[in-house]
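Trainee: One structure coming up, written as structure tokens, with questions to follow.
The values are calculated or read from the model by the stated rules, or taken from the named source; none is laboratory data. All of these numbers come straight from a predicted model, not from anything done at the bench. Here the Cβ positions follow ideal geometry from the backbone for every residue, glycine too, while neighbour counts run over all protein chains shown.
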Amino acid sequence: MAPMQRDLRLTRVGRRYGLRGPWVLRGVDLTVTPGTLTRVEGANGTGKSTLLRLLAGIDAPTEGRVTGRPRTAYVPERFPAALPFTASGYLTHLGTVHGLSRRTAARAAGEWLERFGASAYAGTPLAQLSKGSSQKVAVAQALLAEPELLVLDEAWTGLDTGARAELERAVAERTSAGGAVVFVDHDPRRLAGAPDATYTVADAALDRRTEKASSAVGPHTVVSVQGPPGGQLPADVTRAVTSAEEITPGGYRLTVPASRSDVVLRALLTARPPWHVVRVHPDDLTPDLGGRS
């Protein structure tokens, strides 16, 4: 997975529709850096989707500048399901548009459909899919080419429980690999405690929320690990965890959002030399670093 190479910057950006239309956004300054997760909040109709379309390159600003454009994938709030493709055919086609070979695109399409529990619908025409299955295809199309920037506009809406959790894992994988993710979601508990920055859109302006969201919000997992003598926690781990407490020399208690636990475990087990995972448990249990083998 290639990391995002440089910052994406919006400088004094404004957007309105029509020469004399009201400003939906104006004077917006925003920097999206590699390896970060950014949440955008705001009431309905305040311009959240407009901001995401500017970030994704779907819309151009009426005024101001956008620089450092990364390779971007976008999941819109409404997916145009009435397209003349099957689910697999649509994903394969978009994969080739993103520069993948047809064979690689077809393989990636199958893998993402399986991850989201939609492999049974690979040969089904898009127009015949349920709303939830259509949304799985919409999310898969954004992930199959491993974008540097992933922009999600209410992408969890319509997904079943398993697919929602899978999308959270995919978000963690993207940021762990050095990509960036910007998202809007109506559920305040979505990825709670995980965003590096949260912005609010109101009165055509964008304001960064200065208070730190409570790390206790949302489900967390505790991972107890033992590292090699003098070992440093892998960078992918330190970026993903909420806290890392050294209990014994080389022994750590890591508290991590549940959606990122798979990424953390993979980084620990594939490190060179690998770390020993002693125990994994919900954060309401007492950690245990004893009994190491």
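Trainee: I need the strands (runs of 3 or more DSSP E) fully contained in region 36-107, keeping only those with at least 1 residues that are crowded, with 20+ Cβ neighbours inside 10 Å. Please lay out each step first, then the result.
Mentor: On the way: elements: 37-41, 63-67, 72-75.
It comes to 37-41, 72-75.
Trainee: If I ask for residues that are free of Cβ contacts under 8 Å to residues at least 24 places away in the same chain and over 16 Å from the mean Cα position of the chain (by Cα), which ones from region 127-165 would you list? First the steps, then the outcome.
Mentor: First pass over region 127-165, keeping only residues free of Cβ contacts under 8 Å to residues at least 24 places away in the same chain: 128, 130, 161, 164.
Across region 127-165, the qualifying residues are Gln128, Ser130, Thr161.
Here is a yes/no grid of residues against (1) at pLDDT 90 or above; (2) of a type in the set (Asp, Glu); (3) surrounded by 20 or more Cβ atoms within 10 Å (Cβ to Cβ); (4) part of a loop (DSSP other than H, G, I, E, B):
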{"position": "Leu152", "(1), (2), (3), (4)": "yes, no, yes, no"}
{"position": "Thr157", "(1), (2), (3), (4)": "yes, no, no, yes"}
{"position": "Gly162", "(1), (2), (3), (4)": "yes, no, no, no"}
{"position": "Arg169", "(1), (2), (3), (4)": "no, no, no, no"}
{"position": "Ala172", "(1), (2), (3), (4)": "no, no, yes, no"}
{"position": "Val181", "(1), (2), (3), (4)": "yes, no, yes, no"}
{"position": "Pro188", "(1), (2), (3), (4)": "no, no, no, yes"}
{"position": "Gly193", "(1), (2), (3), (4)": "no, no, yes, yes"}
{"position": "Thr198", "(1), (2), (3), (4)": "yes, no, no, no"}
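Trainee: Separate question: State which residue is surrounded by the fewest Cβ atoms within 10 Å (Cβ to Cβ) when the search covers only region 267-293 and only residues that are within 21 Å of Arg239 (Cα to Cα), modelled with pLDDT under 85 and among the aliphatic types (A, V, I, L, M).
Mentor: Leu269
Trainee: Also, I was wondering about something else. With the checklist (1) among the aliphatic types (A, V, I, L, M); (2) farther than 30 Å from Arg69 by Cβ; (3) surrounded by 19 or more Cβ atoms within 10 Å (Cβ to Cβ); (4) under 23 Å from the mean Cα position of the chain (by Cα) in hand, flag the one item Val225 doesn't pass.
Mentor: Of (1) among the aliphatic types (A, V, I, L, M); (2) farther than 30 Å from Arg69 by Cβ; (3) surrounded by 19 or more Cβ atoms within 10 Å (Cβ to Cβ); (4) under 23 Å from the mean Cα position of the chain (by Cα), only one is false for Val225: (4).
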